[in-house]
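Here the structure is laid out as structure tokens; the discussion comes afterwards.
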Amino acid sequence: MNYPYSETVLERFKSPHHAGKIKDLDGVGEAGDPSCGDMTRIYIKVKDDIITDARFKVIGCAAAIASSDMACDLIIGKTIEEALKVTNEEVIKKLGGLPEEKEHCSVMAEEAIVRAVDDFRSRQGIYFDHLSYYSSVPCRECNCGMDSR
Ligand code: FES
């Protein structure tokens, strides 16, 4: 099936800027989408609380590849706290939109960033209050205040 992808999605899919792996990584996070069985992994390099590099590997569709690539763009140069605020909606906007049936593909990148930060903090011996963090993430289905991830 051909989806009406934006020029940016097609460009990022054909020539991703951040595909690959960081060998001396500071954190890595994975997320999967049970609805399609696809997954993404995001690697981060951190110096003085700033993400200096981010790379990704994806098993998934064009939307997942473009989303992961754009998510890496959005977190490079940001502090850890700022990176945690990057949402899939922001990724979609920067991509010039995604077809509605492909919007879920962008969620994996957002979740992989959170897990990469979690891994970074674990490696640094920094306590990450998962309960507070996840209870502050609104449910995507109905905004009931519960984490739906
Ligand atoms: S269909 Fe699975 S990530 Fe896009």
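Values computed for the structure shown
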item	result
Evaluated at q = 0.10, 0.17 Å⁻¹: base-10 log I(q)/I(0), Debye formula over Cα of the chain	-0.32, -0.93
The stretch 10-114: trypsin sites (Lys or Arg not before Pro) falling in loop per DSSP and having at most 10 other Cβ within 10 Å	Lys23
Residues Ser106, Ser35, Ser67, Ser122, sorted so that the one with the fewest Cβ neighbours within 10 Å comes first	Ser35, Ser122, Ser106, Ser67
Unit charges on C-beta of K, R, D, E only; dipole of the chain, Debye	440
Lys pairs, the chain - Cα-Cα below 21 angstrom, 8 or more residues apart or on other chains	26
Residue exposure sequence - Val91, Val28 - by fewest surrounding Cβ within 10 Å	Val28, Val91
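Since every read-out is calculated from the coordinates, none of them should be taken as a lab result. Not measured: the values here are computed from a predicted model. Counting neighbours? That spans all protein chains shown, and the Cβs are built from the backbone with ideal geometry, glycine included.
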